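The numbers here are math on the coordinates, done by the rules we state, and not lab data. Quantities reported herein were computed from a predicted structural model and do not represent experimental measurements. Cβ atoms come from the backbone with ideal geometry, glycine included; neighbour counts cover every protein chain shown.
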Amino acid sequence: MVATYHFADELICLLRKQWRSDQPIRLAVSRSTSIKDVIEAFGVPHTEIGGILCNGNAVDFSHRVQDEQHFTLQAIHPPWEIHKTTLLRPAYVGDFRFLVDKNIGKLAGYLRMAGFDTLYDPDWNETDMGERVQEELRIVLTRNLDLLKRKQVVFGHCLRNDVPEQQLQEILSLFAINSLPHRFSRCMRCNHLLDPVAKQDILPRLEPLTKRYFEVFKICPHCDKIYWQGSHTDKMMDLLNRLDP
């Protein structure tokens with residue numbers, strides 16, 4: 001009893017090393033198991049699969065593997081229409097909300113800078129993140145394939161790029177995000193939405209040059225951090241302008 005598996009080119013880099021040179025892969029069917037379990041045993045998280053064909057017919061993750069079945073595993077391609085229901089996953093509801101793990105922590109700051117609701121805590125482990133995703137549906141961004149295999153994770157993406165700026169571009173392209181209308185609306189430190197604050201209310205906390213040259217300020221109601229459009233903001237604005245389609 002043997003089944004055959006053909007992974008799309010974009011998925012080969014996620015396979016365990018011993019499988020990367022074998023396309024298609026032929027493997028004995030030793031017991032009744034779901035195609036989802038088989039895919040993840042090869043190393044590829046279910047979050048990276050855009051479609052599954054069994055002998056040419058579309059099936060879902062629960063399909064049981066049987067003798068002489070041929071599977072074509074398709075990748076998710078930009079634009080990922082995440083708000084539409086598919087055979088593999090329900091529709092994502094609402095605005096984009098992300099959870100970023102510690103191995104790409106700088107991306108969390110970039111996403112918050114761009115205005116996206118982004119949870120990040122370097123002290124969280126996989127169990128902590130799984131619980132947070134279960135409490136509120138979020139898109140998990142990581143380079144940890146094991147995290148994406150957790151059953152609580154419905155939507156997720158394994159970042160292919162190493163550089164944070166390129167990672168942000170990767171996310172914008174994946175979800176076809178063509179504008180960033182809420183840039184600089186969130187706290188870079190804790191993710192909460194910022195509130196405008198009168199200069200006179202925070203005057204004692206400002207450095208002399210900041211008092212002299214700036215008039216418009218925002219404050220985080222959660223961690224009390226103050227923001228203004230200084231030279232650091234100009235650099236971040238240049239970055240976002242380069243990425244904003």
Study note, to complete from the structure: Taking Cα atoms, the helix 164-174 axis meets the longest principal axis of the chain at an angle in degrees (rounded to 10) of 60 degrees
Review point. Points 7 angstrom from Cα along the Cβ direction at Gln166 and Asn178: gap in nanometres?
Key: 2.6 nm
Study note, to complete from the structure: Ranked from fewest to most other Cβ atoms within 10 Å of their own Cβ, Lys149, Lys102 fall in the order Lys102, Lys149
**Study point:** Charge dipole (the chain, unit charges on Cβ, about Cα centre) - positive-most of Leu15, Leu203, Pro181
**Key:** Leu203
Review point. Cα-based count: Lys pairs in the chain below 17 Å, eight or more positions apart or different chains?
Key: 8
Exercise for review: Please work out how much length the chain gains when fully extended from Asp195 to Arg97, using 0.36 nm per residue of separation minus the C-alpha to C-alpha distance, in nm with one decimal.
Suggested key: 33.3 nm
Review point. With each pseudo-label sitting 7 Å past Cα toward Cβ, what's the Ser32-Glu68 distance in nm, one decimal?
Key: 2.0 nm
Exercise for review: Compute the label zone of Glu10 within segment 80-122: residues whose backbone N is under 18 Å from the point 7 Å along Cα-to-Cβ.
Suggested key: 80-90, 92
Practice item. Can you tell me what the convex hull of the Cα atoms of segment 97-174 projects to on average, as an area in nm²? Key: 4.5 nm²
Study note, to complete from the structure: Rounded to the angstrom and largest first, Cα extents along the principal axes for segment 2-75 equal 26, 22, 19
Check your understanding: Which log10 I(q)/I(0) values, to two decimals, does segment 33-128 give at q = 0.14, 0.24 Å⁻¹ under the Debye formula with one point per Cα?
Key -> -0.70, -1.23
Point to revise | Charged-residue dipole, Cβ positions (Lys, Arg, Asp, Glu), segment 195-243 about Cα centre, Debye nearest 20 | key: 100 debye
Point to revise | Estimated distance in nm for a label pair at Ala75 and Phe61, the labels positioned 7 Å out from Cα along Cα-to-Cβ | key: 2.0 nm
Study note, to complete from the structure: For the chain, the dipole about the Cα centre with charges only on Cβ (Lys and Arg +1, Asp and Glu -1), to the nearest 20 debye, works out at 300 debye
Check your understanding: Which percentage, to the nearest 5, of the DSSP beta bridges contained in the chain is antiparallel?
Key -> 55 percent
Exercise for review: Go ahead and estimate [θ] at 222 nm for the chain from helices alone: -39,500 (n - 2.57) per DSSP H run with n ≥ 4, summed, over the residue count, rounded to 500.
Suggested key: -7000 deg cm²/dmol
**Study point:** Beta bridges per DSSP with both ends in segment 1-72, % antiparallel, nearest 5
**Key:** 75 percent
Review point. Can you sort Val216, Val197 so the residue with the fewest Cβ neighbours within 10 Å comes first?
Key: Val216, Val197
Point to revise | Long-range amide H partners of Phe98 with built H, under 5 Å | key: Asp117, Thr118, Leu119, Ile139
Review point. Rounded to the nearest 0.05, what FRET efficiency is calculated for Val2 and Glu135 with R0 set to 41 Å and r the Cβ-Cβ distance?
Key: 0.45
